[in-house]
Amino acid sequence: MKVAFISDLHLSPDTVNNNQLFFNLMHKWQNELDALYILGDFLDYWLGDDDDNIFIREIKQSLKSFTQNNKPIYFIGGNHDFAIGHKFAKETGINLLKDCSILDTGDTKILLSHGDIFCTLDVSYQKMKKILRNPILMAILLKTPLSWRYKIKQKLEKKSSNSFNKASLETYLVVKESIAKLANKHKAQIVIHGHTHQPGFYEVKSTSGLIQRFEIPDWVD
């Protein structure tokens, strides 16, 4: 079985070249992959399944063309696109997964995550994440006019831009102990994630032995 893992594409109406690269790869992968895993920040932002424009329709069609060929796509929301919901999933045929889902190959358990859950030194971000992803708050926000949500998005982006990089770099990176704790909890030997834009292969020591950690490259470079 051949699968691919991607994350942090941050596609938007402004990333024309990367959008086309994604469309080309999806067409190519239809004949090469058995499944595709998207581990968050696939889109640079998502304000609700009721949003619609040419870019969104093209994205939906690309995903749908892949899944219609009985090739599953599994999706974990990131900090930019966690609001993708069941309507979007139904329209595209993708399967929504919870963060820290397990892919069991039979011999190995692989922990799949966007990766921000491992950045436990960034306490302010973790608090904000908990607030923004509260189901009650999300339900209320998604009932507000789309234009309001865009204004809220702009304010949050400005606030995030003003506060980012005020602390040391380590604050925004994954914490090995947090990875080990979650991997052991799920009895996983491998962790695959994105988010921090520090791609590579790493080993994490834990009480159960070495855990292999793969961080997916973003699409900026």
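The values are calculated or read from the model by the stated rules, or taken from the named source; none is laboratory data. These numbers come from a predicted model, not from an experiment. All Cβ positions, even for glycine, are placed from backbone atoms using ideal geometry, and neighbour counts span all protein chains on display. Note: accessible area is taken over every heavy atom of the protein model, side chains too, but ligands, DNA and RNA are not part of it. Shrake-Rupley method; radii C 1.70, N 1.55, O 1.52, S 1.80 Å.
List the pairs whose first member sits in segment 148-162 and is open to solvent by 100 Å² or more (accessible area, probe 1.4 Å), whose second member is of a type in the set (A, V, I, L, M, F, W, C) and in a helix (DSSP H, G or I), and whose Cβ atoms are under 7 Å apart, counting only residues at least 6 apart or on separate chains?
none
When segment 200-219 is examined, which residues are found to be open to solvent by 70 Å² or more (accessible area, probe 1.4 Å) and in a loop (DSSP other than H, G, I, E, B)?
THR207, SER208, PRO217
List pairs: first in segment 40-65 and farther than 25 Å from GLU215 by Cβ and of a type in the set (Asp, Glu), second surrounded by 19 or more Cβ atoms within 10 Å (Cβ to Cβ) and at pLDDT 95 or above, Cβ under 7 Å, 6+ apart or cross-chain?
Cβ pairs passing all conditions: ASP49/PHE88.
Please list, ordered by first then second residue, the pairs with beta carbon atoms under 9 Å, 6 or more apart or interchain, first in segment 123-142 and under 21 Å from GLU170 (Cβ atoms), second open to solvent by 60 Å² or more (accessible area, probe 1.4 Å) and among the hydrophobic types (A, V, I, L, M, F, W, C).
Final answer for the pair search is MET128/LEU156; LYS129/PHE82.
Filter segment 30-39 for residues that are in contact with a helix residue (DSSP H, G or I) (Cβ under 7 Å, 6 or more places away or on another chain) and touching a residue at least 40 places away in the same chain (Cβ under 8 Å) and give the result. Show your work before the answer.
Quick first cut of segment 30-39, residues in contact with a helix residue (DSSP H, G or I) (Cβ under 7 Å, 6 or more places away or on another chain) only: 30, 36.
Once the filter is applied, which keeps residues that are in contact with a helix residue (DSSP H, G or I) (Cβ under 7 Å, 6 or more places away or on another chain) and touching a residue at least 40 places away in the same chain (Cβ under 8 Å), segment 30-39 yields only GLN30.
Can you find, within segment 177-199, the residue that is most open to solvent (accessible area, probe 1.4 Å) among those that are farther than 30 Å from ASN18 by Cα and not in a helix (DSSP H, G or I)?
Among those residues, the one meeting the criterion is LYS187.
If you scan segment 105-117, which residues turn out to be in contact with a strand residue (DSSP E or B) (Cβ under 7 Å, 6 or more places away or on another chain) and open to solvent by 60 Å² or more (accessible area, probe 1.4 Å)?
First, the residues of segment 105-117 that are in contact with a strand residue (DSSP E or B) (Cβ under 7 Å, 6 or more places away or on another chain): 108-115.
If the condition is that a residue be in contact with a strand residue (DSSP E or B) (Cβ under 7 Å, 6 or more places away or on another chain) and open to solvent by 60 Å² or more (accessible area, probe 1.4 Å), then LYS109 is the only one that fits.
Inside segment 1-36, can you point out the residues that are of a type in the set (A, V, I, L, M) and either under 17 Å from PHE66 (Cα atoms) or surrounded by 18 or more Cβ atoms within 10 Å (Cβ to Cβ) (or both)?
MET1, VAL3, ALA4, ILE6, LEU9, LEU11, LEU21, LEU25, MET26, LEU33, ALA35, LEU36
Identify, from the list THR120, THR144, the residue that is open to solvent by 50 Å² or more (accessible area, probe 1.4 Å), assigned to a loop (DSSP other than H, G, I, E, B) and not charged (D, E, K, R).
On the way: THR144 fails: open to solvent by 50 Å² or more (accessible area, probe 1.4 Å).
Every option except THR120 fails the conditions.
Tell me whether segment 166-177 contains one or more residues that are touching a Gly at 6+ places or on another chain (Cβ under 8 Å) and under 20 Å from ASP41 (Cβ atoms). Full working, then the answer.
To start, the set of residues in segment 166-177 that are touching a Gly at 6+ places or on another chain (Cβ under 8 Å) comprises 174.
Going one step further and asking which of them are under 20 Å from ASP41 (Cβ atoms), we end up with 174.
Yes, segment 166-177 contains a residue that is touching a Gly at 6+ places or on another chain (Cβ under 8 Å) and under 20 Å from ASP41 (Cβ atoms).
Looking at segment 58-100, which of its residues are among the acidic types (Asp, Glu) and over 21 Å from ILE117 (Cβ atoms)?
Quick first cut of segment 58-100, residues among the acidic types (Asp, Glu) only: 58, 81, 91, 99.
Residues satisfying the conditions are GLU58, GLU91.
So that you can scan it fast, the table gives a plain yes or no per residue for (1) under 16 Å from the mean Cα position of the chain (by Cα); (2) among the polar types (S, T, N, Q):
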| site | (1), (2) |
| --- | --- |
| ARG133 | yes, no |
| SER147 | no, yes |
| LYS155 | no, no |
| TYR172 | no, no |
| LYS176 | no, no |
| GLN189 | no, yes |
| PRO217 | yes, no |
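Checking ILE102 against (1) out of contact with any Pro (no Cβ under 9 Å at 6 or more places or on another chain); (2) open to solvent by 20 Å² or more (accessible area, probe 1.4 Å); (3) within 30 Å of LEU137 (Cα to Cα); (4) in a helix (DSSP H, G or I), only one condition comes out false. Which one?
Every listed condition holds for ILE102 apart from (4).
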